[in-house]
Amino acid sequence: MDAETTMSPAARMAREALATCAASPGVAKPDPILVADSVRRKFGGITAVDVDHLEVQRGSITALIGPNGAGKTTLFNLLTGFDSVDEGRWSFDGRSMGRAAPHRMAKLGMVRTFQLTKSLTKLSVIENMRLGATEQIGEKWWNGLIDARWRKQEAAITERAEELLERFKLSHMRDEYAGALSGGQRKLLEMARALMTNPILVMLDEPMAGVNPALKQSLNEHIRGLRDEGMTVLFVEHDMDMVHDISDWVVVMAEGRVIAEGTPDAISSNPAVIDAYLGAHQGRSLLEDQP
Amino acid sequence: MDWSLIFELSLKGLIGINAVYFAIAAIGLNVQFGYTGLLNFGQAGFMACGAYGLGMTAHYFEISFWWGIPLGILFSLLLGLLMGIPTLRLRADYLAIVTIAAAEIIRLVVRSVRFKHYFGGSDGINRFAQPFREVGADFGIDQTQLYGFGPFTFTGRELWTMIVGWSLVALIGYLVYKLMKSPWGRVLKAIREDEDAVRSLGKNVYSYKMQSLLLGGVIGTISGMIFALDRGSVQPDNYSRDVTFYILTALVLGGVAKVSGSIIGPMLFWLIFTFLDNFLRQVADKPIKIGNFTIMQSTQVGQVNFMLVGLTLILLMVYRPQGIFGNRQEMAFDGR
């Protein structure tokens with residue numbers, strides 16, 4: 001896949017800001033939108049997440065990578081309120097968060113997608129999109145009874161939804177049930193629906209899982225588009241090409257800890273990362289260790 | 001065999017008061033189960049709230065009968081909160097367990113000797129519906145006179161309850177239809193599909209589930225009131241588990257997640273039920289025997305009828321899981 005040849009102004013800004021940061025775990029960023037401090041979560045005897053300090057730069061695309069079981073999704077769940085921390089705290093957009101319900105996080109502008117796509121299959125595509133809009137008058141039952149109260153807002157929401165569907169090339173599926181979409185289209189729908197909430201931080205959990213290469217290209221474009229519109233993107237991904245391609249900053253987790261941070265180029269040559277992914281003995285025959 | 005009697009009674013079942021109170025209860029259950037995916041197996045408990053709300057005005061509180069309406073609604077709101085607060089955060093099946101148990105607890109409490117003073121024990125409460133019938137008389141409907149034509153002949157007492165009942169079916173059905181077309185209804189349907197997705201979009205899922213449970217419960221309460229007004233009495237054993245499951249059967253027959261299904265389902269249910277009941281009763285007038293082996297006698301008609309209702313539900317699940325009016329793409333039992 002081709003790298004970003006011509007950088008957008010937003011991309012250049014993000015890269016320049018991050019260029020000043022040292023490539024070490026827990027490094028401070030010039031303008032963090034998300035700051036996590038000693039966040040820990042245990043499942044029985046296993047410490048799934050044990051992050052001492054992590055900052056995410058505003059307006060950047062930050063990738064969160066690591067081997068399976070590194071605690072990436074658990075960290076996502078903690079930050080979005082879907083799971084609660086055992087200890088630690090974090091702040092989002094200057095607001096300190098202890099235990100926040102997921103719906104409150106979304107209202108503050110942090111929206112997430114899921115590793116296993118959650119499209120509402122028995123609702124039409126456009127209804128899926130409309131659902132995403134926040135602060136809807138008609139979502140109060142006493143207003144719902146009176147059409148006049150919410151019709152106007154509904155029309156505005158529909159218009160915005162249609163624009164987004166157009167952008168994500170889903171317009172032709174507008175009135176189909178979401179269950180009729182292909183796996184890749186569902187990923188797009190989920191992302192488009194998330195944007196209906198007008199987020200400032202978009203958290204994508206494995207956006208490329210199960211997506212064909214052609215669609216990956218356009219997903220890449222969409223994610224870059226989010227940053228160029230001023231949103232911050234934090235995503236979990238296993239596809240290293242994509243990570244290298246679009247991220248401004250990469251955070252590597254292993255066994256619940258942040259083991260490395262840095263620009264994509266710095267990370268791909270970091271021995272700690274290669275270790276975490278391939279094991280300390282990579283490149284050597286297994287027989288060599290035997291007596 | 002007297003076919004004309006069988007058909008006459010069956011047709012009366014189609015539009016009779018049983019269909020009315022089933023339809024109202026089914027609309028309520030549909031809000032919870034069909035639209036929101038909440039497994040409420042205790043609709044009979046909500047109905048009992050309404051019936052006892054009316055009954056207790058005369059029996060215990062000794063206040064005007066009309067206070068019974070807000071009182072019954074208050075009871076059902078309390079019941080809904082009591083069941084919802086601990087369980088709505090948990091997985092859907094826990095609500096099913098709690099609701100079925102709560103409805104049984106209510107029935108056992110109101111029929112207990114200990115609380116006879118409040119609820120009238122197993123005899124229930126009688127003779128409180130007079131103010132309601134007087135309103136009918138004010139509209140010129142004579143309580144004892146027969147009205148109607150052909151098979152559709154009812155006494156004035158029945159007719160008045162049916163007029164009020166069907167008006168309520170129309171009103172409640174319309175309101176629920178409006179609500180489900182609104183953004184509020186969209187959130188409920190989305191919760192039925194995937195709670196976490198709705199949560200991630202900034203909706204307070206717990207609050208919406210509670211609203212749905214309470215709305216469906218209040219509608220169930222109104223159904224219980226109509227039932228009590230028709231009988232003119234409240235009997236605890238009229239609100240047992242099987243009532244909930246019959247209503248559920250009727251709802252599934254019509255088609256879930258459709259207002260029309262939740263009205264026509266109960267009508268068809270009672271048409272079929274009355275038909276089978278009367279048909280079997282006439283067939284088994286003399287015990288049916290093969291040789292010395294008795295297959296069925298008249299005392300077993302009730303049980304056989306129940307078996308046939310169960311069979312109907314099974315066949316429906318197999319061949320038409322979306323019900324008669326349901327939309328297979330939107331709502332069908334796919335064994336998730």
Worksheet, complete the sentence: Most fluctuating of B:51, B:102, B:257 in the GNM of chain B (C-alpha, under 10 Å) is B:102
Item to complete: Run down the aspartates and glutamates and flag those whose C-alpha is under 15 Å from the C-alpha of residue B:181, throwing out any fewer than 8 positions away in its chain.
Response: A:127, A:139, A:147, A:154, B:330
Practice prompt. Starting from the Cα coordinates of the protein assembly as shown, work out the convex hull volume and express it per residue in Å³.
Written response: 238
Discussion item. Based on alpha-carbon centroids, what's the gap between region B:228-282 and region A:79-151 in Å, whole number please?
Written reply: 39
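What whole-number value in Å² describes the accessible area per residue of chain B for a 1.4 Å probe? If you can, show how the numbers build up before the last one.
Details: 14800 Å² over 336 residues.
Per residue, chain B has an accessible area of 44 Å².
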Response to the item:
Relative contact order as a percentage, region B:3-328, C-alpha pairs under 8 Å and 6+ apart, gives 32
Fill in: Pairwise centroid distance, computed over Cα atoms, of region B:111-162 with region B:1-21, Å
19
Fill in: Whole-number Å³ per residue for the convex hull built on Cα positions in region A:81-166
150
Worksheet item: Can you give the average number of partner chain beta-carbon atoms within 10 Å of each beta-carbon in peptide A:126-136, as a whole number?
Response: 4
Discussion item. Compute the distance from the alpha-carbon center of region A:37-66 to that of region A:175-225, in whole Å.
Written reply: 24
Worksheet item: How fast does region A:190-246 diffuse by Stokes-Einstein, in µm²/s, taking the Kirkwood radius from C-alpha pairs at 10 °C and 1.306 mPa s?
Response: 136
Fill in: Tail beyond 32 Å, pair distance distribution of chain B (Cα, percent)
32
Discussion item. Using a 7 Å offset from the Cα along the Cα-to-Cβ direction at both residue A:91 and residue B:90, what is the distance between the two label points in nm, to one decimal?
Written reply: 3.9
Practice prompt. Please list, in chain and number order, the residues 5+ apart from residue A:232 or on another chain whose amide H is under 5 Å from its amide H, with Hs placed from the backbone.
Written response: A:59, A:201, A:202
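Stretched out fully, how many nm does the piece from residue B:7 to residue B:317 gain, at 0.36 nm a residue minus the Cα gap?
The span from residue B:7 to residue B:317 would gain 108.9 nm if fully extended.
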Worksheet item: At a probe size of 1.4 Å, how large is the accessible area of residue A:168, to the nearest 10 Å²?
Response: 0
Worksheet item: Applying the Karplus parametrisation 6.51 cos²θ - 1.76 cosθ + 1.60 with θ = phi - 60° to the phi angles of region B:29-38, what ³J(HN,Hα) value in whole Hz is obtained for each residue in order, glycine and proline being reported as x?
Response: 5, 5, 4, 6, 8, x, 8, 9, x, 7
Worksheet item: So, by mean Cβ neighbours within 10 angstrom, what's the order for B:222-228, A:27-33, A:150-156 with the highest one leading?
Response: B:222-228, A:27-33, A:150-156
Practice prompt. Just the number, please: Stokes-Einstein D of region B:97-168 in µm²/s, Kirkwood Rh from C-alpha pairs, 20 °C, 1.002 mPa s.
Written response: 143
Response to the item:
Share of accessible surface on carbon and sulfur in the protein assembly as shown, whole %, 1.4 Å probe and ligands ignored, is 59
Worksheet item: Residues with amide H under 5 Å of residue A:34's amide H, sequence separation 5 or more or different chain, H placed in the peptide plane at 1.01 Å from N; which?
Response: A:56, A:93
Worksheet item: Residues with amide H under 5 Å of residue A:260's amide H, sequence separation 5 or more or different chain, H placed in the peptide plane at 1.01 Å from N; which?
Response: A:252
Worksheet, complete the sentence: Using a 1.4 Å probe on heavy atoms of the protein chains only, the accessible area for residue B:1 in Å², nearest 10, reads 120
Worksheet item: With no solvent and one point on each alpha carbon, what is the Debye value of log10 I(q)/I(0) for region B:57-177 at q = 0.23 Å⁻¹?
Response: -1.25
Item to complete: Could you work out the Rg to Rh ratio of region B:188-336, with Rh taken as the Kirkwood radius (inverse of the mean 1/r over all Cα pairs)?
Response: 1.08
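For the A and B pair, go ahead and give the buried accessible area with a 1.4 Å probe, both sides summed, in Å² to 100.
Working: alone 14300 and 16230 Å², together 27770 Å².
For chain A against chain B, roughly 2800 Å² becomes buried.
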Item to complete: Counting helices only, and only those DSSP H runs with n ≥ 4, report the 222 nm mean residue ellipticity of chain A as the sum of -39,500 (n - 2.57) divided by its residues, in deg cm²/dmol to the nearest 500.
Response: -11000 deg cm²/dmol
Worksheet item: In percent, what relative contact order does region B:1-151 have, based on Cα pairs under 8 Å that are 6 or more apart in sequence?
Response: 23
Fill in: chain A: proportion of alpha-carbon pairs further apart than 26 angstrom, %
47
Practice prompt. Divide by every residue of chain B the summed helix terms, -39500 (n - 2.57) for each DSSP H run of at least 4, and state the resulting mean residue ellipticity at 222 nm, rounded to the nearest 500 deg cm²/dmol.
Written response: -21500 deg cm²/dmol
Worksheet item: For chain B, modelled as a GNM with alpha-carbon contacts under 10 angstrom, which of B:238, B:292, B:30 fluctuates the most?
Response: B:292
Worksheet item: By average Cβ neighbour count within 10 Å, what is the ranking of A:34-45, A:195-206 from highest down?
Response: A:195-206, A:34-45
Fill in: Order of exposure, largest accessible area first, which applies to B:270, A:90, A:141 with probe 1.4 Å
A:141, B:270, A:90
Fill in: Cross-link pairs beyond the 28 Å C-alpha cut-off, checked among A:140/B:258; A:72/A:122; A:169/B:178; A:42/A:140
A:72/A:122; A:169/B:178; A:42/A:140
Discussion item. So, for region A:99-256, what is the accessible surface per residue at a probe of 1.4 Å, expressed in square angstrom?
Written reply: 39
Discussion item. Using Cα-Cα distances under 8 Å and only pairs 6 or more residues apart, what relative contact order does chain A have, in percent?
Written reply: 27
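The values are calculated or read from the model by the stated rules, or taken from the named source; none is laboratory data. All of these numbers come straight from a predicted model, not from anything done at the bench. A quick note on method: Cβ atoms are made from the backbone with ideal geometry, for glycine too, and the neighbour counts reach across all protein chains shown. Just the protein is used for accessible areas: all its heavy atoms, side chains included, with ligands, DNA and RNA removed. Shrake-Rupley method; radii C 1.70, N 1.55, O 1.52, S 1.80 Å.
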